[in-house]
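Please read the structure below before turning to the comments.
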Amino acid sequence: MKLDKLVGERFRERPAGCVIESHALMVRGGYMKGIANGIFSQYPPLRRVTRKLEQIIREEMDAIEGQEVSMPVVLPGALWEESGRYVSVGSELLRFQDRTGTPMVLGMTHEEAAVQLVREYGRTAARYPFMIYQIQTKFRDEARPRGGLIRVREFTMKDAYSFHTSQQDLERYYARCHRAYERIFARAGLPEVVSVASDSGMMGGSLSHEFMLLTPAGEDSVAVCGACGYRANVEAAACVAHNEPPAVLQPLQTVETPDAHTIEALCAFLHVIPAQCCKAVVYQKETDGSYVVLFLRGDLEANQTKLTNYLGCDVRPAAITPESGLCAGFIGPVGLCGGMTVLYDTSLQGTGNLVCGANRQGFHSTGLQLERDCGTVEYHDFAKLPDGGVCPVCGRPAIRVSRGVEVGNIFQLGAKYTQAMGMRYVDADGTEKTPVMGCYGIGVGRLAACVCEVRHDDHGPVWPLAIAPWQVHLCCLRADDAGTKAAADALYASLQKNGVEVLYDDRTVSAGVMFADADLLGIPVRVIVSPRNCAEGCFELAARDKTVKEKAPLAKAVQAVQALLRRAYDFSAGAQLMEHRGVILNLADASVTCNGTKLELTKNEYRILQVLMQAGGAVVPRETLMQRLWESDSFVDENTLTVNVARLRKKLEGIGLTDYIATKKGLGYSVR
């Protein structure tokens, strides 16, 4: 492909309205163009990236006995009525009528269509288990699209559906799919993606995991325990609160608190801390508009997902009117008017001498003890697990909350859809039974955007070789020079003949313009042919990530390029090699090679080295290294990490890599 024929424009200015780097770079680099809010067209470079991602996904799904199918985007509303989701799902499901007045929907997920497709096929137990998948366009009428391809309305998704005759069989396949997802993200250049326990939401089911890329660009919050490795989406994480009951209970008293409408103002006025307060958060049910008053400890936030799951319906922040009987800013559990749902969070259990609203404008109560002042109280978990909170698994206050982007999800759906839609099979004993399902999704465009988000520099993306739009970017400086042009043309032809994907820039533009465009296209290997190099009988070979810059003879140009490509990731051949400044890490056999000497590593050692080499010399925080080890089921604390790094450093010194791993005091580690 020649760059002067490549459809799409590249420009230097950051586009307005781009809040994250991947969005800005993919617009600037001629990867995509917005056509409506949350809807994008893809130019050839992005389409080449997504096609390679789709192929990786397809190979991994086929490897676990998946069978590719295709289901329609437009579905009859009656199909969704069978499952009950035509009514239960909100406005994100786009409903419309065809010319005959028949209700239709645009599919945003395909559980119903999958059951309809195999309902007759799955009538006998002998045909189970089986899995079908598709890679197809979907539409979700997202209220607030943002971040380019991170949150969109129209998107391409791989969605898979497995069918089983027992929960045990579903769990075995679920684990296989979990491992396949780990391989997919590693092959796509995101080995740092972590799986976290999550809330099943509208999908239903008993168990689900999200695969999260931890990045400040994310909208989700992920809780990670620094002590035991527990990970969960904050929406699903249990919030554990330890309270010490007061030695002496104070009587309930009403005090005047003018203008103390917030916890902050109340604490300042009464000289208490938020944990000594009982605050009220008010919602309204979407079904009937009735009020829901949730009381929780003043230092915690309400978790709307937990509340929705408990109530069985969606809620919205309340519009408190004079007719409601609620006194905004001064709501308390004692003397609260009736006609509304009142709930108590577990963070209030075992407390006493709390400050709460007095249900009077300008007044609060002190000395609240719920069981004494309100009678029998039922507690449930409705709070978000906070940063610094108590881990629900190990019980230590070691929770850290990070931002993340969900790049994939898997669900154990059970019989939610098969039961509702009448899917049955005849077992070996002649009885009719209902199969159980799993479903497994990956957003292809979002995955591409996430790679760009964490694999870029100030000048553009740094695409991993496995998904790069092209493998080699050939730059002909001074294409108006006949000798230089002839050498570059010959190299272009030779590389293509040898199966190398090449983007050839032979425009008569300045070197600055040419290299700026090359940076924006982010192709892993750059080949530069110039009059000066040609006069020396050589060309320049460089890596986009700046780890390699060397000259090689023109006569051996193809071999030199192929050698550099082999030193990058080579997942297609199964070698799984990583290279950094002459050090080659083989992920297939957990070994490292330098200057021809091969050294075997332990699981923890090669995982540490993999993360550090992936960072390309940047400092990796200790906490991040521990998270990566937890992903491999190696639950280490800070002392164990220090021991592992020291042992790895000593091994590397044995093959001549003295001080290859540097320690940044108070920060973390890096490779030199």
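The values are calculated or read from the model by the stated rules, or taken from the named source; none is laboratory data. Predicted model only: the values in this text are computed from it and were never measured. No Cβ is skipped: glycine too gets one built from the backbone with ideal geometry, and neighbour counts run over all protein chains shown. Protein only, heavy atoms only, side chains kept; ligands, DNA and RNA dropped before computing areas. Shrake-Rupley method; radii C 1.70, N 1.55, O 1.52, S 1.80 Å.
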Quiz item: Looking only at segment 16-32, which residues are open to solvent by 10 Å² or more (accessible area, probe 1.4 Å) and free of Cβ contacts under 8 Å to residues at least 24 places away in the same chain?
Solution: Ala16, Gly17
Quiz item: In segment 514-530, how many are under 20 Å from Asp4 (Cβ atoms) and open to solvent by 10 Å² or more (accessible area, probe 1.4 Å)?
Solution: 7
Quiz item: How about segment 33-50: which of its residues are closer than 15 Å to Lys138 by Cα and among the aliphatic types (A, V, I, L, M)?
Solution: Ile39
Exercise. Being touching a Gly at 6+ places or on another chain (Cβ under 7 Å) and not in a strand (DSSP E or B) is the filter; apply it to segment 129-157 and report the residue that is surrounded by the most Cβ atoms within 10 Å (Cβ to Cβ).
Key: Leu149
Quiz item: On the given criteria, is Gly90 under 24 Å from the mean Cα position of the chain (by Cα), touching a residue at least 40 places away in the same chain (Cβ under 8 Å) and farther than 23 Å from Pro435 by Cβ?
Solution: yes
Practice problem: Look through segment 249-265, keep the residues that are in contact (Cβ under 8 Å) with a residue 24 or more places away in the chain and touching a helix residue (DSSP H, G or I) at 6+ places or on another chain (Cβ under 9 Å), and return whichever of them is most open to solvent (accessible area, probe 1.4 Å). | Solution: Asp259
Exercise. Taking only segment 639-663 into account, find how many residues are part of a strand (DSSP E or B) and open to solvent by 80 Å² or more (accessible area, probe 1.4 Å).
Key: 1
Quiz item: Within the group His209, His110, His164, His178, which residue is closer than 23 Å to Arg95 by Cβ and either among the acidic types (Asp, Glu) or in contact (Cβ under 8 Å) with a residue 24 or more places away in the chain (or both)?
Solution: His110
Quiz item: Restricting attention to segment 352-375, which residues are of a type in the set (Asp, Glu) and more than 43 Å from the chain's Cα centre (by Cα)?
Solution: Asp373
Quiz item: What strands (runs of 3 or more DSSP E) completely inside segment 162-248 contain at least 3 residues that are of a type outside the set (Lys, Arg) and surrounded by 18 or more Cβ atoms within 10 Å (Cβ to Cβ)?
Solution: 194-197, 207-214, 220-225
Quiz prompt | Answer residue from segment 84-103, given it is of a type outside the set (Val, Ile, Thr) and over 18 Å from Asp314 (Cα atoms) and is most open to solvent (accessible area, probe 1.4 Å) among those | solution = Arg99
Quiz item: Among the helices (runs of 4 or more DSSP H) confined wholly to segment 412-523, which include 1 or more residues that are more than 28 Å from Leu213 (Cβ to Cβ)?
Solution: 416-420, 482-497, 511-521
Quiz item: Among the residues of segment 212-229, is any within 30 Å of Val620 (Cα to Cα), in contact with a helix residue (DSSP H, G or I) (Cβ under 8 Å, 6 or more places away or on another chain) and at pLDDT 90 or above?
Solution: yes
Practice problem: Can you confirm whether segment 279-290 contains a residue that is assigned to a loop (DSSP other than H, G, I, E, B), open to solvent by 30 Å² or more (accessible area, probe 1.4 Å), in contact with a Leu (Cβ under 7 Å, 6 or more places away or on another chain) and closer than 24 Å to Phe363 by Cα? | Solution: no
Self-check item: Top-ranked residue of segment 295-311 - restricted to ones that are over 30 Å from the mean Cα position of the chain (by Cα) and in contact (Cβ under 8 Å) with a residue 60 or more places away in the chain, ranked as most open to solvent (accessible area, probe 1.4 Å)
Solution: Arg297
